[in-house]
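One structure is given below, encoded as structure tokens.
All of the numbers you see were taken from the coordinates with simple rules; none came from a lab. Everything quoted here is computed from the prediction, not taken from an experiment. Positions of Cβ are backbone-derived with ideal geometry, glycine not excepted, and every protein chain shown enters the neighbour counts.
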Amino acid sequence: MKQIALDIGLASVPSFANFFAGPNEAALRHLEVWADSPVRSPVPVYLWGEPGSGKTHLLKAVAETLRSHGGSFGWMDSTLTEPAAFDDNWTAVILDECHLYTAVQQQAAFNWFVNAISGGDGQPRRVLAAGTLPPADLALREDLRTRLGWGHVFEMRALSEPERRAVLRREADERGVFLGDEAIDFMLTRFSRDLSSLMQLLDQLDGYALRTQRAITVPLIRAMLENE
């Protein structure tokens, strides 16, 4: 059955608090400490795993933590076709979707990485990166590929279907709403299965159910999609 990519409403800001770790507990705990560490030169971190495993969520959670501490950072993903030059004011470099980088992006990513780690002004920066493949398997220029594998490397795994179901039930219970098996089945088969999208969908369903004074059922989900 074709899955529908969720594109309704506004998603909540990714954070460590709203990341459901499941099999990725080690990566979550490491990055919580890494982002808050007073150490000026923490070891670089690379996350890899299939789409929907939570890599981008954690990168954005780190970015939000750095921002909350008053820090600035360089962010690059595959949509940034003309990367800026490295900025000495950055406290970190965050590189997402490394497996998709063009030659121009690879050059910029290498430059950012080298400048961040070397700390030309005497203050090395943090480096956090992510891709779908482990560093050794990335089809990137050798000097960038090897550097991405220098530090801590974590494999990210998507939640299993039972884990997704458990998270949806728990979140619904915390909101005081009933989410039956039929509604969960519909959500898992008809929408993107990554957890951020499912949580966004649940937010929308909760609000729509409150406005219409109806329970969350398959007909309500269909009605919301037609009216939102």
No solvent, one uniform scatterer per C-alpha: report log10 I(q)/I(0) for region 161-227 via the Debye equation at q = 0.16 1/Å, two decimals. -0.45
Tell me, how many Å apart are the Cα centres for region 80-94 and for region 131-183? 25
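Rounded to whole Å and ordered largest first, report the semi-axes of the equivalent ellipsoid of the chain derived from its Cα gyration tensor (root of 5λ).
37, 18, 16
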Compute the acute angle (0 to 90°) between the alpha-carbon long axis of helix 161-175 and the principal axis of greatest extent of the alpha-carbon atoms of the chain; round to the nearest 10°. 70
Rank-order 86-93, 108-115, 209-216 by packing density, defined as the average count of other C-beta atoms within 10 Å over each peptide's residues, highest first. 108-115, 86-93, 209-216
Want the number for W75 to R157: 0.36 nm per residue separation, take away the alpha-carbon distance, what's left? 27.2 nm
Could you pull the Cα extents of region 112-168 along its three principal axes, largest to smallest, in whole Å? 49, 26, 14
In vacuum, with every alpha carbon of region 11-84 counted as one equal point scatterer, what does the Debye formula give for log10 I(q)/I(0) at q = 0.20 Å⁻¹? Two decimals, please. -0.98
Pairing the Cα long axis of helix 103-118 with the longest principal axis of the chain, what angle in degrees results, from 0 to 90 and rounded to the nearest 10? 70
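What is the extension gain from D181 to S118, computed as 0.36 nm multiplied by their sequence separation minus the C-alpha to C-alpha distance, in nm to one decimal? Don't jump to the answer; show the numbers that get you there.
Numbers: separation 63, 0.36 × 63 = 22.68 nm, distance 5.35 nm.
This chain segment gains 17.3 nm when fully extended.
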